[in-house]
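The values are calculated or read from the model by the stated rules, or taken from the named source; none is laboratory data. Note that this is a predicted model, so its numbers are computed, not measured. A quick note on method: Cβ atoms are made from the backbone with ideal geometry, for glycine too, and the neighbour counts reach across all protein chains shown.
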């Protein structure tokens, strides 16, 4: 669905943020992008959404290259939406209803169609009670929900999340994570930039590792986190489930499985199966 070919991006000060990135993302995939701060994750997202134009290379969406004029970018942003790490960089309207309406209105849709879309999105995210709330009075978690609503109102096929639970309390982190799961179940392709190894291990179909602007690997969570050299190079933490699993194997509590379970809950299930057979 998305093909990134030989992509470079150089900032005005000469910083090479991306270097020869090649990546294919299939429809419906759940992709976690990992790497240290400054590795190029956010720049890659801005290129995918057309905010930044690559210095070199190309991005194809459904086999068609991005066209960097007003019409082309409008069409792109109907297909690929981005939810920024800091929602204050995204929200600007006076109240929540106006905020969510802005994107569909900008597409030139009929007012009734826009109203229907906004009502549907607010209902699905359970934020109807915020409709007339000024956006600058919202909590951090509420702002994140409205930022997601902004994108959903555009009916995208792909959503990019840049550190979606950053700076959120545990309650709103769970809400946002649940929303993302629901988006995936609905068939939307979701790509997340995250530092959370435990979350990426449990959630992602594939993990993409970027460091110093270069794509180092794309593979399953088990293969990525099982590669100590790769983790060390990209400053990625080993997931807790993998630490516990290896400890149990070394202590001969369990025999080594075909592959490490992807969550603590799954590991507990494996242990219970062994002891209660």
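Table for the structure above
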read-out	value
Output for the range 124-144, where each listed residue is part of a helix (DSSP H, G or I) and within 12 Å of residue 100 (Cβ to Cβ)	124, 128, 130, 135
Test: residue in the range 81-95 that is more than 25 Å from residue 194 (Cβ to Cβ), touching a residue at least 12 places away in the same chain (Cβ under 8 Å) and not in a loop (DSSP other than H, G, I, E, B)	yes
Hey, residue 116 surrounded by fewer than 20 Cβ atoms within 10 Å (Cβ to Cβ), more than 20 Å from the chain's Cα centre (by Cα) and closer than 30 Å to residue 1 by Cα or not	yes
Qualifying residue in the range 32-50 (condition: modelled with pLDDT of 95 or more, more than 15 Å from the chain's Cα centre (by Cα), assigned to a strand (DSSP E or B) and under 23 Å from residue 181 (Cα atoms))	no
Strands (runs of 3 or more DSSP E) wholly inside the range 175-277 that include at least 2 residues being under 30 Å from residue 149 (Cβ atoms), within 16 Å of the chain's Cα centre (by Cα) and in the same structural domain as residue 164 (by TED's automatic domain parsing)	189-193, 206-211
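Here is a yes/no grid of residues against (1) touching a strand residue (DSSP E or B) at 6+ places or on another chain (Cβ under 9 Å); (2) at pLDDT 90 or above; (3) under 11 Å from residue 149 (Cα atoms); (4) crowded, with 19+ Cβ neighbours inside 10 Å:
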{"residue": "63", "(1), (2), (3), (4)": "yes, yes, no, no"}
{"residue": "80", "(1), (2), (3), (4)": "yes, yes, no, yes"}
{"residue": "83", "(1), (2), (3), (4)": "yes, yes, yes, yes"}
{"residue": "87", "(1), (2), (3), (4)": "no, no, no, yes"}
{"residue": "96", "(1), (2), (3), (4)": "yes, yes, yes, yes"}
{"residue": "107", "(1), (2), (3), (4)": "no, no, no, no"}
{"residue": "111", "(1), (2), (3), (4)": "no, yes, no, no"}
{"residue": "135", "(1), (2), (3), (4)": "yes, yes, no, yes"}
